[in-house]
Amino acid sequence: MSDLVPAAEVPARIAAYIQARIPGADDMTLTDLQQIAVGWSHETWLFDAEWMEGGKKRSAGFCLRRDPGNALLRDLSDLGEQFRVLKCLEGTDLLTPRAWWYEAGPEVLGAPFLVMEKVGGECPNPWGREGRRFYAEAADRGILPASFTDALSTLHNIDWQAAGLDFLGVPEAGTNQFAMNEIAKWKKLIALSGHGPEPVLTDLICWLEANAPVTERLTLVHGAYRTGNMLIADDRISAVLDWELQVIGDPMYDVAYVLSDLNRENSDLLSNLVPRDMFYRRYEDATGIRIDEDACRYYQLLYAMRSAAFWMSASGLYRDGASNDIRLARTEWSIPVVLQRAARDLGY
Amino acid sequence: MEPADLLARMSKMFRADIGPAIADEYPRTQAYLSSVVLQKLSLQLRNAEAHAAAETSERAALVSDLEHLLAVAPVPASVSDAVASLAASGDAGLCALIEVLYAAREELDQARFETLLGRVRADLRRSIDRRMEVAA
């Protein structure tokens with residue numbers, strides 16, 4: 001953390017960096033710079049850039065993400081992989097930000113970072129009062145729920161091999177390898193967190209390993225497909241964001257997340273936005289994939305394990321002094337909440 | 001002043017006095033979250049003795065019940081060993097027992113596996129419910 005270039009120095013450094021990457025660019029200035037995320041994952045800055053090029057004034061909007069080295073996912077999250085995924089997705093029908101540059105070394109900002117397009121749109125927080133009102137009103141209009149469902153269908157219809165996404169790792173179809181790989185990934189994060197033993201979590205993990213479903217059909221899986229992880233403009237999804245958890249795997253993994261009551265508060269609407277019947281009908285029509293309720297129930301328990309891993313990691317970062325953000329300490333008490341829910345879903 | 005009361009008062013101060021006085025969003029959020037953390041710590045401290053006593057007596061009852069259940073018919077040595085060390089090994093021992101039960105479920109047969117795991121789960125449920133008195 002101590003080697004990071006301070007946030008106040010980032011604008012000048014990034015202006016020089018971008019200018020050096022645009023042939024013929026001069027007099028680069030950044031405006032409307034705002035840091036929009038601190039502490040949980042990668043740091044994110046949005047800004048507009050103006051420069052002279054061939055005697056003409058040019059401008060563009062950018063989004064910069066820097067890995068502060070203490071992100072929730074620890075070494076399971078890789079900005080280089082995010083950059084590569086976004087490049088692969090540029091040739092598909094899915095709306096995503098265009099990725100411009102990635103720097104793996106510490107020379108410019110003291111840590112790896114990527115620069116991508118700033119896409120127009122807003123991203124209301126689904127947990128806040130204003131966000132819930134935004135999504136409730138959008139649900140009444142009916143356009144955004146359809147767009148939300150269609151974007152997931154588009155994501156699952158991507159020819160991931162043609163897009164070059166097989167570098168993510170491809171589990172063997174017709175086996176339970178996908179689910180077992182996910183379990184192994186979250187076990188690793190739990191181990192990295194240094195958290196003490198949690199018997200309910202052990203029971204959950206053993207149950208997940210004993211009941212891992214066979215995956216017949218492989219698609220690109222986003223891993224966190226919900227409101228709050230996408231931009232919205234003119235009542236439609238303008239970009240799918242947060243490419244930190246993507247894998248090649250069972251599309252029901254994403255569907256289960258959409259169906260989960262983790263992502264809606266006191267609302268019958270999926271992700272506080274989409275009527276359940278409409279989601280089923282529209283998704284199945286667009287993908288030809290029948291929603292497997294048993295698989296979704298399994299993956300919802302896998303999400304409980306993942307949530308427990310997230311909160312253990314977060315509270316561990318605070319405990320170990322890797323972060324001074326008290327929000328991370330607060331997550332220590334989110335662990336029993338997740339585990340009580342898992343116990344209920346396991347039948348006790 | 002009792003430590004739990006002190007923490008509760010500090011929590012209230014962060015929520016009522018310090019948080020509202022901070023203009024910038026990030027430090028204001030930190031103040032309000034500090035209030036939440038202090039309130040949880042206060043409640044945890046207040047319940048600590050009762051919760052620890054409940055855990056101890058329930059663990060003893062669990063060991064006793066499992067020993068009776070194991071006596072009905074032979075079980076893999078890994079299961080009896082895990083039960084034998086349960087009383088002195090805390091939550092790590094309970095995790096080890098759960099792992100052993102799942103690993104031995106075919107040898108145990110399904111009904112016996114479910115009986116043994118069911119007895120363990122009854123304790124897990126009580127324990128997690130106690131933690132929710134603070135976490136909720």
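A few comments on the model shown:
- Three-way shape call for segment A:221-277 based on the alpha-carbon gyration tensor, with the a/c threshold at 1.5: oblate
- Eligible lysines near A:Lys56 by straight Cα distance, threshold 28 Å, same-chain separation 8 or greater: A:Lys118
- The alpha carbon centroids of segment B:67-114 and segment A:324-342 are separated by 30 Å.
- In this simple spin-label model, placing a label point 7 Å from the Cα along the Cα-to-Cβ direction at both A:Arg98 and A:Gln161 gives a separation of 3.0 nm.
- Convex hull of Cα atoms in segment A:142-346, direction-averaged projection (nm²): 12.1 nm²
- Rounded to whole numbers, the Karplus 3J(HN,Hα) couplings from phi for segment A:43-49 are 6, 10, 10, 10, 7, 9, 10 Hz, using 6.51 cos²θ - 1.76 cosθ + 1.60 with θ = phi - 60°, and x at Gly and Pro.
- For a straight C-alpha distance cut-off of 14 angstrom, the aspartates and glutamates reachable from A:Lys57 (same-chain residues fewer than eight places away being disregarded) are A:Asp26, A:Asp27, A:Asp48.
- Cα shape, segment A:167-209, gyration tensor, a/c 1.5 rule: oblate
- Rg/Rh for segment A:163-249, where both radii come from Cα atoms and Rh is the Kirkwood radius: 1.05
- Residue-averaged [θ]222 nm for chain A, counting only DSSP H segments that reach four residues, each worth -39500 (n - 2.57): -13000 deg cm²/dmol
- At q = 0.07, 0.08, 0.09, 0.14 Å⁻¹, base-10 log of I(q)/I(0) for the protein assembly as shown (Debye sum, equal scatterers on each alpha carbon): -0.44, -0.58, -0.73, -1.50
- Plainly put, chain B has a radius of gyration that is 1.21 times its Kirkwood radius, both from alpha-carbon atoms, as the Rg/Rh ratio.
- Qualifying GluC sites (Glu not before Pro) in segment A:262-348, DSSP loop, other Cβ atoms within 10 Å at most 13: A:Glu265
- Rg and Dmax of segment A:7-117, both derived from C-alpha coordinates alone, stand at 14.3, 45 Å.
- Distances between placed amide hydrogens fall under 5 Å for A:Lys118 paired with A:Gly61, A:Phe62, A:Cys63, all partners being 5 or more residues away or on another chain.
- Whole-percent carbon and sulfur share, accessible surface of segment A:142-346, 1.4 Å: 45 percent
- Within segment A:7-117: Cβ-based charge dipole about Cα centre, in debye rounded to nearest 20 (Lys, Arg +1; Asp, Glu -1): 100 debye
The values are calculated or read from the model by the stated rules, or taken from the named source; none is laboratory data. The shown structure was predicted, so the numbers you read here are calculated from the model rather than taken from an experiment. Cβ atoms come from the backbone with ideal geometry, glycine included; neighbour counts cover every protein chain shown. Areas reflect the complete protein model, heavy atoms only, side chains present, ligands, DNA and RNA absent. Shrake-Rupley method; radii C 1.70, N 1.55, O 1.52, S 1.80 Å.
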